[in-house]
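Peer 1: Please see the structure below; I have some questions.
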Amino acid sequence: MRLLSLALLAPLAQGFLPAPAAPRPFTQRAPLHMSAPPKTRKAPVFDEVCETTGVTLTRFMIEVAFLNPEMQELPALFSGISTACKAISDMVKRSQLTGLVGYADGGGSINVQGEEQKTLDIMTNDVLKRALRFTGKLGVLASEEEDTPVGVPLNPKDVVFDETSKYTAVFDPLDGSSNVDAGIPTGTIFGIFEHDDECEIAEGGSMTEDELLCLQNTLKPGTDLIASGYCLYSSSCFFVVTLGAGVYGFTLDENIGEFVLTHPNIKVPETSKIYSFNEANMPQWDVPMRETVEKWRLGTGASGNSFTSRYIGSMVGDVHRTLLYGGVFGYPSDKKNVNGKLRLLYEGAPMSFLMEQAGGLSTDGRGRVMEIVPKEVHQRVPIIMGSKKDVQEVIDAYAKSK
Ligand code: FBP
């Protein structure tokens, strides 16, 4: 018999929009009037739940599409994403047994960001790419492991009943892969945009029209996301998603092969006692960032709380803990990496959409990460996200330092 929490019967959630601040010279932000006004999305209410299966992700998506007609084609896309995540969960879990460990081709396989690719980086990228393509709903995809955005031509050979290329998907197939062989949590991060065949094409030198169209369809600010989420491969396999009406967490029930709703309407606590950064970089951080964390250590910050430190080194793991327990996670700017380490398009923006929908904040110190318009697919961005009042303390420190 499955445990059914009353929260499952809870109705809607609302998005969150903090006031924008003066941008850094090199950061272009989408003025609020430019990005599509956030449409109020309806979240399903489950007044009847099967005791054996609980509320599955499949049912959740069908009900979301029923309540939000403009999302009719999302369930098909999500069935591809969740199938890929289940397969990746199994690949990661069995990798020591199947030999899918270490660097691809014994080392030397370098992605466009100069990072040595793990065997699992390449395999998980392939699994996700194909699963998305077979849904027949994708126009373009961009991945950490792909040099440039990839157009997904409608291909009659793949025989999908109604191909529409309605969406653009951006993803990091195996975030934290540097930790995977040590059994440390890793994850898949994804973001979904509407695909726009008509989008205006800028001059592109050597790029073909199609390539430019692909690029234009991916270089969008987080405020244009219609859905984002992650799958965490850890003690359990968690699938956490937002469609613009709150954040919902599912746990993989391997007995029935389904993601089952276990964390409805996640709300990140407003204040906390946890910070989560790679402190080895602290001496290089911007002064406002460094001073704020020093105050948190001493318990002399705005909340008066003495903070402790938690850092897994896999963004998905650190963000998942932050959503559930509260805290501030990030990879701020520092003298070495002025734009931090995390990628805006397929790490920063999708995770910021989740954090804001859970009532938290996500900033680069000077403004909302969600409003930053990417110039490049693999562009990096400083990120500080988490509990609203604590992140606001960082924003205030940066504002004061101006
Ligand atoms: P990828 O593994 O996808 O390249 O992600 C980068 C990442 O591993 C994040 O998951 C994590 O938050 C960060 O880098 C850790 O960086 P560092 O090892 O410098 O602390």
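Peer 1: Run down the aspartates and glutamates and flag those whose C-alpha is under 14 Å from the C-alpha of K375, throwing out any fewer than 8 positions away in its chain.
Peer 2: The reachable aspartates and glutamates, counting only those whose Cα sits under 14 Å from K375, are E203.
Peer 1: Continuing with this model, one more query. Which one of M351, Y331, G367 is farthest out on the positive end of the charge dipole of the range 274-400, using unit charges on Cβ (Lys, Arg +1; Asp, Glu -1) and the Cα centre as origin?
Peer 2: After comparing all options, I get Y331.
Peer 1: Then there's this: So what's the gap between the Cα centers of the range 257-300 and the range 307-384, to the nearest angstrom?
Peer 2: The range 257-300 and the range 307-384 have Cα centres spaced 10 Å from each other.
Peer 1: Assign unit charges at the C-beta atoms only (+1 for Lys and Arg, -1 for Asp and Glu), then state the dipole size of the range 222-371 relative to its Cα centre in Debye, rounded to the nearest 20.
Peer 2: Here the size comes out at about 480 debye.
Peer 1: With point charges of +1 on the Cβ of Lys and Arg and -1 on the Cβ of Asp and Glu, referenced to the Cα centre of the range 253-307, which listed residue (P264, F307, S276) lies farthest in the positive direction of the dipole?
Peer 2: Checked the options; the winner is F307.
Peer 1: Another question about this same structure. For the range 50-263, what number results from the quotient of the Cα radius of gyration and 2.2 N^0.38 Å?
Peer 2: The value comes to 1.04.
Peer 1: Shifting gears a bit: Please compute the length gained on full extension between A399 and C50, using 0.36 nm multiplied by the number of residues separating them and subtracting their Cα-Cα distance.
Peer 2: That pair, A399 and C50, stretches by 120.5 nm at full extension.
Peer 1: Hey, for a label at Q72 modelled as a point 7 Å past Cα toward Cβ, could you say which residues of the range 121-145 have their backbone N under 15 Å away?
Peer 2: Only 137 pass the distance filter.
Peer 1: What nm value, rounded to one decimal, do you get for the distance between L298 and E376 when each label is placed 7 Å out toward the C-beta?
Peer 2: For L298 paired with E376, the spin-label model returns 3.9 nm.
Peer 1: At a Cα cut-off below 14 Å, give the aspartates and glutamates reachable from K400, other chains included and same-chain residues fewer than 8 away excluded.
Peer 2: D286, E291
Peer 1: Follow-up question, since we're still on this one. If you take all C-alpha pairs in the range 41-175, what percent of them are over 23 Å apart? Please list the in-between numbers first.
Peer 2: On the way: 4154 of 9045 pairs.
The calculated P(r) of the range 41-175 puts 46 percent of pairs beyond 23 Å.
Peer 1: Between S109 and D126, what length in nm is gained on full extension when 0.36 nm per residue of separation is reduced by their alpha carbon distance?
Peer 2: 4.6 nm
Peer 1: Is there a pair in K220/K273; K295/K341; K273/K389; K93/K166; K166/K388 whose C-alpha atoms are over 22 Å apart, and which pairs would that be?
Peer 2: Over 22 Å apart, Cα to Cα: K220/K273; K295/K341; K93/K166; K166/K388.
Peer 1: Just the number please: accessible area per residue for the range 274-400, 1.4 Å probe, all protein chains included, in Å².
Peer 2: I get 32 Å² per residue for the range 274-400.
Peer 1: Could you tell me what percent of the accessible area of the range 72-138 is made up of carbon and sulfur, with a 1.4 Å probe and every protein chain present? Don't jump to the answer; show the numbers that get you there.
Peer 2: Details: 1550 of 2920 Å².
Using a 1.4 Å probe with all protein chains present, the range 72-138 comes out at 53 percent carbon and sulfur.
The values are calculated or read from the model by the stated rules, or taken from the named source; none is laboratory data. Everything numeric in this text was worked out from a predicted model, so none of it was measured. A quick note on method: Cβ atoms are made from the backbone with ideal geometry, for glycine too, and the neighbour counts reach across all protein chains shown. Surface areas here come from the heavy atoms of the whole protein model, side chains and all, with no ligands, DNA or RNA. Shrake-Rupley method; radii C 1.70, N 1.55, O 1.52, S 1.80 Å.
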